[in-house]
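Q: For reference, the structure I am asking about is given below.
Please treat every number below as a calculation from the coordinates, not as lab data. Worth saying up front: this structure is predicted, and the values here are computed from it rather than measured. Neighbour counts are summed over all protein chains in view; Cβ atoms, including those assigned to glycine, are modelled from backbone coordinates with ideal geometry.
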Amino acid sequence: MTTSGHAQDCETRPVDANCSFYSECLEDSFNCQETDYQYPIEYGDRFCRSFQDTRDELTVPGQLWIDRTMVCLQQFLFDKFLVDAIFSFEVEENICRKVTNAAFGSHHLCYVKPTGNYSEGVCPLWRDYKVIFEIGRPWEAIGTLHSAAVTKQVAETAQTCISYWLKMKSKKSLRPQIPIDKIIKQLRSVIQSN
């Protein structure tokens, strides 16, 4: 379950999707708001809260995906940056750039298999794609410092999901046939309306 407003234990690996991780752990540890690489607040916290605020618009599997993905993203950042920060008195130079680059690098994997299993990732959630895409709002990154990173994560995720769908189709999965044309039409309408 995603939570917010609760004190975050920054010395323990996250087990719940707590949006305050980004402000209370990452930002408080590294002060990235004072740099050009403001991922903890401007991206991590912002989108965590956006997903949390609209989770009721998703199917139950979509809601579980949000929780699993948030935990995956936070555990990655904790393991890569906060474990060392707990035992260090010095903040590494360019740490905010490294946090931002690593965070964006983790998105694709956490989106498509947050628990190590593709069936629990975003690819099977075709009924939720429109809402997920509207929440993620990748078009807002166009022309920003993060434009290339966002474009890459969207492309990698789309490529993985297309492969997933083709694999399911070739296995004649018992799941309903995925209406790819309908999904593309919905995504185009979301992009054009923004």
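Q: Using the Karplus curve 6.51 cos²θ - 1.76 cosθ + 1.60 with θ = phi - 60°, work out ³J(HN,Hα) for each residue of segment 127-133 in order, rounded to whole Hz, and write x for Gly and Pro.
A: Karplus values, whole Hz, x for Gly and Pro: 5, 9, 4, 4, 5, 4, 5.
Q: Taking amide hydrogens as modeled 1.01 Å from N in the peptide plane, which residues meet the under 5 Å criterion relative to residue 58, leaving out close sequence neighbours?
A: Close amide H contacts, sequence-distant or interchain: none at all.
Q: Quick one: if the Förster radius is 41 Å, what FRET efficiency do residue 163 and residue 35 give, using the C-beta to C-beta distance and rounding to 0.05? Let's see the in-between values first.
A: Values: r = 36 Å, r/R0 = 0.89.
Once rounded, the FRET efficiency stands at 0.65.
Q: Give the separation of the Cα centroids, segment 101-118 to segment 15-84, in Å.
A: Each part reduced to its Cα centre gives a spacing of 13 Å.
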